[in-house]
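For reference, the structure is listed below as structure tokens.
The values are calculated or read from the model by the stated rules, or taken from the named source; none is laboratory data. Since the model is a prediction, treat every value here as computed from it, not as a measurement. Heads up, the Cβs are rebuilt from the backbone with ideal geometry, glycines too, and the neighbour counts pull from every protein chain shown.
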Amino acid sequence: MATCSLRERRRRETSREIQKTAIELALDLGLDEVTTDMISQRAGISARTFFNYYPNKIAAIAGDPPRFEGDYVEIFLSGAGPLTEDLKIFLSAHLRQVTFHPAMMDKFTQLLRQEPKVRDLHDIGLDGLRKDLARIIESRLPSPGVLTGQFLAQVLIGFIKILIEDWSAHPEDSLEQRLENRWPQFLAALKAITT
């Protein structure tokens, strides 16, 4: 896996700290009461720094979902193993990018349920991930599989969402271990619709 520069790592940490602070304030005070100044002050940054990361409080709460990027994408694209096994390895590498602890992810999920504005912006981010994942899968398929890539991406993003929600509510094991444990059930569900 490619390592990111110290600057990029700090940028990600600051972004996550802003998001974490925004989530906590929104849960404590209610979304309508939270301001970007409050988030900046509690996160220990200037308002200018806040706006270098996010355009508004809703975007700060929604955050930026981890992108499909890095060595693991190239490894998947050049893989010659069974697609299901390579997809599991690919998703496991992607899930390593989730930096929230389960308790914070649970708080984020609460806000998604309570606040339509946050949910709508988060859904836009997930749609971008879906499109990226579809392109990656399409590139891996032996023949043009645009619809196949789109179908698989839609199902896989839904699977990841369920995994993360399950993990945040029951954090006994790692997110990667949760994927490993649930993957056979996921494949069985896919097989069930073809038999």
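Residue by residue through segment 82-121, note down the ones that are among the basic types (Lys, Arg) and touching a residue at least 12 places away in the same chain (Cβ under 8 Å).
Lys88, Arg96, Lys107, Lys117
What is the residue count in segment 12-40 for residues that are farther than 20 Å from Met105 by Cα and either in the same structural domain as Thr109 (by the TED database) or in contact with a Ser or Thr (Cβ under 9 Å, 6 or more places away or on another chain) (or both)? Break it down stepwise before answering.
Here is the first cut: in segment 12-40, the residues farther than 20 Å from Met105 by Cα are 32-33, 35-38, 40.
Now drop any that are not either in the same structural domain as Thr109 (by the TED database) or in contact with a Ser or Thr (Cβ under 9 Å, 6 or more places away or on another chain) (or both), which leaves 38, 40.
Qualifying residue count, segment 12-40: 2.
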All-but-one check, Lys57 against (1) farther than 22 Å from Val118 by Cβ; (2) basic (Lys, Arg); (3) modelled with pLDDT of 95 or more, failing number (1)
